Structures are given as C-alpha cells and as structure tokens.
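Right, one structure below, let's go through it.
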Amino acid sequence: MEIKRIIVSHDNITNHLDDVSTSISKGKVTTIIGPNGCGKSTLLSVLSRSTMPTSGTASLENRDLVMFKPKEFAKKLAIVYQQNEVPKDLTIEKLIGFGRLPHKTLLQRNQEEDCKAIDWALTVTNLTDKRHKDLEALSGGERQRVWIAMALAQQSEILCLDEPTTYLDIYYQIELLELVKSLNEDYGLTIVMVLHDINQAIRYSDEIIMMKNGRIIAEGRPRDIITKDVIKEVYGVNAVFKEDDELGLYMMSLGI
Amino acid sequence: MRKRIASYVIVSLLLVVTIVYSATTGSIKMGFFEFFSALFEQGNSQMEAIRDLRFPRMIVAIFAGAALSVSGVLLQSVMRNPLADAGIIGISSGAAFVQLFIISLFPTLFFMTPLFAFMGGAFACFLVFALSWKSGLSPLKLILVGIAINAMFTGVTEAFISFGGSLNVSASSVIGSNLTMRTWSDVSTIATYGTIGLILAFALYSWCNLLVLQDKTAKSIGFHVARARLIIAAVAVLLAAISVVVAGVISFVGLLVPHIARRLVGYDHKVLIPFTALLGALIILLADTLGRTIVAPLEIPASTLMAIIGGPFLIFLLRKE
C-alpha cells in the first residue's frame, strides 16, 4: 500500500495530514504512534478509505483506492474501529456473519464458504463457545474480539485496527496484541494499527510510523527510530531506554 | 424461538377473532353462525349491507395498520431511532398536504393521488433528514425537527382548507382519520400499493439488519449505506403515503406497534417486519371496531383512539431513552 503527498483538511484551515507519503509493507505489522491529535487515526482512515484526502493519492496494488468498488475494497482491507455501539439482541455469530457481506451478491451466496469463514474467525478469536450468546452479554475485551472476528470474516489481506487496546484493561490488552501477532505470523495478514503505548508498539511491530502535527517524523524498524531524541521531539517527554533479556528494548519516561 | 412462534400464533388468532367480531358487530348485528352461512349465499340483505359498507372499512383498517406499522419499523431502522413514526415526524402530514393541494388545483388528476401523497411524504422525510443531520443523527434532535415539520404541514393544510372552503374537496378526511364510508375502490387502492410496499419492505430485511451497525462500520464491510437508506426510506414513505390517501393521518401506530413487536419477537427484521404487519393490522382494526361500537351510534375515529394511547406511550419511551 502506498500513499503519496496526502493532505487532509477537515475545515480547510488546518491540515490534519500535511503532505504525508509512506508505504505499508505487505505481511508486516505496522504501527502508527504519536501524541493526541497528531493525525494517526486520520492516516488510518485514509488508508481504509473512510476519509477522502483533500489532495494526494492512496493506492493499493498500484490502483488508486477510489477505483475500488466498496465490496471489492472490503475484500482487500478490513478495519476495526476504536468504539463500536453494541447492537441489541444480536448473536455473535450473526454479527460476525455481517463480515461476509463483501462476498455476497444479490443472487449468489456461497453458504459453505460463509460458514467456514465464520468458524475460522470464531476459532482464531477464541469465541467458538460463545457463538450463540448476545453481544451485550460479553465483557469489553470479548466484544473487541468480536469486532475483530467480524473483520476477519471478510477474509481480507490487510487488517486495520484503530486503538484496539484503548478501553481494555492490561490482561485483555495483552491478549489482544497476542491475537494480532498470531494473525500476522500464522495467517499472513498485513496489520496496520494505531497504538498509544510506545512499549507495546516496540514489542509488537515490525515497522513504526511516528507522527506529530499531521506529519511523519520518523518511520522504520522500532529499534532504529525510537530514540531518546525522537521521543523528546514528538511527545516532549524525557525518556530512558533500557535493554532487558526478556523484554528487549523498553522505555521509561522520566519527566517533562 | 418458542416465544416467536407463540406470538405469531396468538396475534394471528386474535386478528381472525377481531375480523369476525368486527364484521358481525355494529348497527347491523349478526350471530356468528348466521354470519358464516350468509357469507356464502347471495341475497341476504343484511349481508349485502355488511359487504358494501363494513368489509371495505375493515380491509382498509387492516392494510392501513399493517402499512403504517411497517413504515414505522423501516423509519426506525433508517434513522437509527426507536422514536421515528411517519405520523409524528411529519411524513403523513406532508403527504396529506401535497395530495390535498394538488388535487384541489387539478381535480382531474385525482387518479394520481397516491403519487402526489408519495411526493409530499418524501419531501417531508427529506426535510427531516436534511435539517437534523449533523455528522450523524441525534435521536432527540430528529424527533424535535420532525415534530416541527409535522406542525408546519398540519398548519398549512388547515389554513388551506379554511381558505378554500368553497373548493370541492372532502378535506376533513385528510387531517383527521375517519374510516367510515370506505368503498371497494379505496380497498383496491390500498390493497394494491399496500401489498407492493409490504413485499418490498420484507425484501429489504437484511439491509435493515445491517443498519444496526454504525455507518463507518457498515461502510467498511462494503455496504452502500446511503443507497440502502434512500431505498428503505422510499418504501417507508410509500407505505405511509398510501395509508394517508385512503385512511387519513393516524399517528403513533408506527411507534407503538414496532416497539411491542420487538419485545415479542426480537430485533431480526426478517421476523420483525411480517409480525409488525400482523400486529399493526390487529391494532387498527381493533381501534376502529371499538371506536364505532363503544359509543354507538357516535363514532370515535381510530386515529383519536391511537393518539389517546400513543401520546402517553411516547412520553414513556422518551423518559426511558
């Protein structure tokens, strides 16, 4: 996936994305980080085509994103948003079944394929024994996994996640990130996500895009780009980095 | 599952009982058995009267109830708002006004009344959407805008009637609803368009189900949200408009019936839409039958009864929101 010279402005006064160009590598986990309002979610929404850029182009497999039909695009890329309203009286299985929409046409539906995809999504997200339960009956962490399962049922090559861990406690955060890791390693999905926690980003990403004020400040492998100076520049925080045998590289903030 | 089946069976039975009761009660009374034997023979003068006067009225009530209730379900789905109802948010009064206005000016076009009513309803629906949309639909704002639109259309209709008192229009049937003196030609209008509308509504059930997702999520799975909204809203307006043409404005049915229906059969539109049609038919037929029997020979219009029950019900729903 490539984006070139993207400018996004919601109000025509300030640029929420200011001349951003980057590419997302296939088969890798790419994490976008940066302070609040830096444009990381906007970047993700440009990649997932939910925001149309004011200027610049975004392309997938050398085709401009606007050229894709909605269902065709949904087969290529799935996205899970940060906050989702919980529909009433809807079983998990049915909700995940919505993810099969891009594979259906008015006259044609392959039920066997659909069942297979739904079963797979349920297994991967460890929700098989809850499939007949209502969404309302689940915990926050489980609900987040259901939305991911719905995206997985699309069987797309790229999965985008907008702050998937934000409203979860630490146990579910780790569970979710391990799920993301296994989706990438075991099933070859390209992952693009937005995270807040820098240490989690270091640990679970192949590549990091670091943003501030609508621009990309640094991008590359975590170890190459996340340094004391960059953290100071982007977040305005004094940080120290330590190397630990079990943890690898990790960051502690000292103060501002 | 069992609750669903039980609800379907009970409501169907009640509808049949109400139909028989309604057909045999009123200024002409008939025994149950007498009615059934007369049903299949010619020449019974009482039966002829019932056939000409009471049957059309009952069929109109049944279709109007079904159409308005299903219209409510569709609007609630499109607007993601449990309080939407064609009568409350001005779609019915928009349909009533435009129909009255054009037919008064061009009486020869009376055969196109359903089309004009549809245009009026669609215009009102568009206004409600356009004026309450602000990066999403806020449920309360939509209702407030809808009530204002409704007041406006009701107002201009009343003004138009008082200006044009000399015009040859039976205007009173437009603002209120009165089901007396319906004819078989009314029946054929509402049965034709009503059936088309109800079938279309059912065909759209999977779209209605998908609209429970937030717009951004629905879009991300490749769903044409805007197109689906437009088509579902058009069917809802068709159903509301055709009821207005034949039965006048009846508010609150589209609010009350779907709400009860969801309690009984759940939120899946595949089950909900047909059930709502049945329950709506039952409620309006019952309201009309009670309205013409409890204070006979005077009549309370079905719309009045619905307003008396529906008003407090809307307050109850608003408090719960």
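The figures follow:
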quantity	calculated
Meets criteria (over 29 Å from A:ILE7 (Cα atoms) and modelled with pLDDT under 90) for A:GLU246	yes
Any chance B:LEU100 is surrounded by 24 or more Cβ atoms within 10 Å (Cβ to Cβ), modelled with pLDDT under 90 and under 21 Å from B:ASP186 (Cα atoms)	yes
Unique residue being among the charged types (D, E, K, R), crowded, with 20+ Cβ neighbours inside 10 Å and either touching a residue at least 40 places away in the same chain (Cβ under 8 Å) or out of contact with any strand residue (DSSP E or B) (no Cβ under 8 Å at 6 or more places or on another chain) (or both) when the list is A:GLU185, A:GLU207, A:GLU175, A:GLU219	A:GLU207
Any pair with Cβ under 6 angstrom, 6 or more apart, that starts in the range B:100-122 at a residue that is touching a residue at least 24 places away in the same chain (Cβ under 8 Å) and ends at one that is among the hydroxyl-bearing types (Ser, Thr, Tyr) and in a helix (DSSP H, G or I)	B:PRO114/B:TYR193
Some residue of the range B:306-320 being outside any helix (DSSP H, G or I) and either away from chain A (no Cβ under 14 Å) or out of contact with any Ser or Thr (no Cβ under 8 Å at 6 or more places or on another chain) (or both)	no
Single residue of B:ALA66, B:ALA61 found to be of a type in the set (Gly, Ala, Ser) and in contact with a Lys or Arg (Cβ under 9 Å, 6 or more places away or on another chain)	B:ALA61
Of all residues in the range A:95-106 being touching a Leu at 6+ places or on another chain (Cβ under 9 Å) and within 10 Å of chain B (Cβ to nearest Cβ), the one that is nearest to A:LEU127 (Cα to Cα)	A:LEU95
The range A:49-72 - residue that is out of contact with any strand residue (DSSP E or B) (no Cβ under 8 Å at 6 or more places or on another chain) and basic (Lys, Arg) and, of those, nearest to the other protein chains (Cβ to nearest Cβ)	A:LYS71
Every residue from the range B:246-270 that is of a type in the set (Val, Ile, Thr) and assigned to a loop (DSSP other than H, G, I, E, B)	B:VAL249, B:ILE250
Helices (runs of 4 or more DSSP H) wholly inside the range A:50-133 containing at least 2 residues that are in contact (Cβ under 8 Å) with a residue 40 or more places away in the chain	A:70-76, A:92-98
Meets criteria (out of contact with any Lys or Arg (no Cβ under 8 Å at 6 or more places or on another chain), β-branched (Val, Ile, Thr) and touching a residue at least 40 places away in the same chain (Cβ under 8 Å)) for A:ILE170	no
Candidate set: the range B:206-252, residues that are more than 20 Å from B:VAL187 (Cα to Cα), touching a residue at least 60 places away in the same chain (Cβ under 8 Å) and more than 13 Å from every other protein chain (Cβ to nearest Cβ); chosen: the one farthest from the chain's Cα centre (by Cα)	B:ARG229
Test: residue in the range A:72-82 that is surrounded by fewer than 16 Cβ atoms within 10 Å (Cβ to Cβ), of a type in the set (A, V, I, L, M, F, W, C) and closer than 17 Å to B:SER220 by Cβ	no
Residues that are surrounded by 24 or more Cβ atoms within 10 Å (Cβ to Cβ) and among the polar types (S, T, N, Q), drawn from the range B:219-273	B:SER220, B:SER243
Candidates A:VAL194, A:VAL234, filtered to the one that is outside the structural domain of A:LYS40 (by TED's automatic domain parsing), surrounded by 16 or more Cβ atoms within 10 Å (Cβ to Cβ) and in contact (Cβ under 8 Å) with a residue 24 or more places away in the chain	A:VAL234
Check on A:LEU43, surrounded by 21 or more Cβ atoms within 10 Å (Cβ to Cβ) and in contact with a strand residue (DSSP E or B) (Cβ under 8 Å, 6 or more places away or on another chain)	yes
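The values are calculated or read from the model by the stated rules, or taken from the named source; none is laboratory data. Small disclaimer: the values here were computed from a predicted structure and weren't measured. Here the Cβ is made from the backbone with ideal geometry for all residues, glycine too, and neighbour counts use every protein chain on show.
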